[in-house]
Amino acid sequence: MREFLGHLRNLIIVSHKELFGFDYKECGYKTGNALPPVDESFTRREKGQYWGNAAHVHAWMHKKIEIPENMIGKNIVLHIDTQKDGWNVHNPQFIAYLDGVLVQGLDTNHREVYLDCAKSEYDLYLYAY
């Protein structure tokens, strides 16, 4: 059954694009749901750059996502992985915000944010621990 579902999943994914270039800022433990303004305290993280080099690191990540014109109005999935082959052994946790609204938590068992009837762009924040 697992193999069958894997093949089925491959058939429903019609396009794939990796996202790089997240703005990054370490912070203390988050209280409330206010999002920090992206300013000079953020640094840019590109592919291959790591975050959380110590235990118990809290951080904000931010990215403006532009949806390709041919995908606007379609159902899109943001799939979050913490390393090339899946989720790493330290099991980071995230809280995802789209356009300033908390949409869901993410962890090793919950890796996808659904954008039903996608609009042209999103302002994505991830609070990471």
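The values are calculated or read from the model by the stated rules, or taken from the named source; none is laboratory data. Every value quoted in this text rests on a predicted model; they were computed, and no experiment measured them. Neighbour counts run over all protein chains shown; Cβ positions are idealised from the backbone, glycine included. Heads up: the accessible areas ignore ligands, DNA and RNA and are worked out on the full protein's heavy atoms, side chains in. Shrake-Rupley method; radii C 1.70, N 1.55, O 1.52, S 1.80 Å.
For this structure, a couple of remarks:
- Distance between the 7 Å Cα→Cβ label points at Thr108 and Arg44: 3.4 nm.
- Cut-off 9 Å between beta-carbons: net charge of the residues surrounding Ile80, Lys and Arg +1, Asp and Glu -1: -1
- Bridgeable aspartates and glutamates around Lys17 (alpha carbons under 18 Å apart, same-chain partners fewer than 8 residues away excluded): Glu46, Glu66, Glu69, Asp81, Asp85, Glu112, Asp116, Glu121, Asp123.
- Among Leu106, Leu19, Leu11, the residue with the largest mean-square fluctuation in a Gaussian network model of the chain, with springs joining Cα atoms closer than 10 Å, is Leu11.
- The Cβ shell under 11 Å around Asp99 holds other residues with a net charge of 0, Lys and Arg each +1, Asp and Glu each -1.
- Averaged per residue, the chain has 71 square angstrom of accessible surface, using a 1.4 angstrom probe with ligands and nucleic acids left out.
- Using a probe radius of 1.4 angstrom, the carbon and sulfur fraction of the accessible surface of the chain is 53%.
- Per residue, the convex hull spanned by the Cα atoms of region 24-129 amounts to 119 cubic angstrom.
- On Cα atoms only, tilt of 2-12 relative to the major axis of the chain in degrees: 90 degrees
- Looking at region 1-109, the trypsin sites (Lys or Arg not before Pro) that sit in a DSSP loop and have at most 14 other Cβ atoms within 10 Å of their own Cβ are Lys17, Lys47, Lys74, Lys84.
- GNM result for the chain, Cα springs below 10 Å: residue of Gln49, Gln104, Gln93 fluctuating most strongly: Gln49
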